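A short worksheet on the structure shown next.
The values are calculated or read from the model by the stated rules, or taken from the named source; none is laboratory data. Please read these numbers as outputs of a predicted model, since none were measured by experiment. Reconstructed Cβ throughout: ideal geometry from the backbone, glycine too, with neighbour counts over all protein chains shown.
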Amino acid sequence: MNSTFLLPDTDDPVAAPFWEGCGRSELLVQRFTASRNMMIPPRPMDPVSRTLEHEWVPMSGRATIWSFAVPHPPLLPAYAELAPYNVIVVALDEDPKLRLVGNLVAREDGPINEVDPATIEIGTPVRVVFQRVDDVTLPRWIRTQD
């Protein structure tokens, strides 16, 4: 999938391991080794222990829709022809305080505007899927039957 979307900086040294994991279809979260505190988005320093030592741990990829929005025009030009589309915030099953922003799609390779916004409900269980957009692999979400 090629686009003119605004895409993340995958070279950011703090976040690069997250994006590398996405490229391998693996959802990773930063965990500080001293406090065991998990962070997403990642940070250079643990706010609890004030240490820099951390590791990247895999998550199940299972989550729940915590919030959502449906942007309508006027929008950035790259997104205008897709409107209306959804933007969801999910809470990861491993720790509901860990939240990611993405899009709900109907199928693993589906576009971000194929889900009818009227069918999106807070509390719906979802699982991560990974979609390549230009040179970045983005986590997106698909409903599960849980």
Looking only at the stretch 57-109, which residues are part of a loop (DSSP other than H, G, I, E, B) and under 10 Å from Trp141 (Cα atoms)? Gly61, Asn103, Val105, Ala106, Arg107, Glu108
In the stretch 47-56, anything under 23 Å from Val101 (Cβ atoms) and either assigned to a loop (DSSP other than H, G, I, E, B) or among the acidic types (Asp, Glu) (or both) is listed as Pro47
What's the number of the only condition in (1) touching a residue at least 12 places away in the same chain (Cβ under 8 Å); (2) in the same structural domain as Ala118 (by TED's automatic domain parsing); (3) exposed (fewer than 14 other Cβ atoms within 10 Å of the Cβ); (4) assigned to a loop (DSSP other than H, G, I, E, B) that Pro44 fails to meet? (2)
Is the stretch 70-79 home to any residue that is of a type in the set (Ser, Thr, Tyr) and at pLDDT 95 or above? no
Close pairs (7 angstrom Cβ cut-off, 6 or more residues apart or separate chains): without any contact (Cβ under 8 Å) to a residue 12 or more places away in the chain in the stretch 72-94, surrounded by fewer than 16 Cβ atoms within 10 Å (Cβ to Cβ) and in a loop (DSSP other than H, G, I, E, B) anywhere: Pro73/Ala83; Leu75/Ala83; Ala80/Pro73
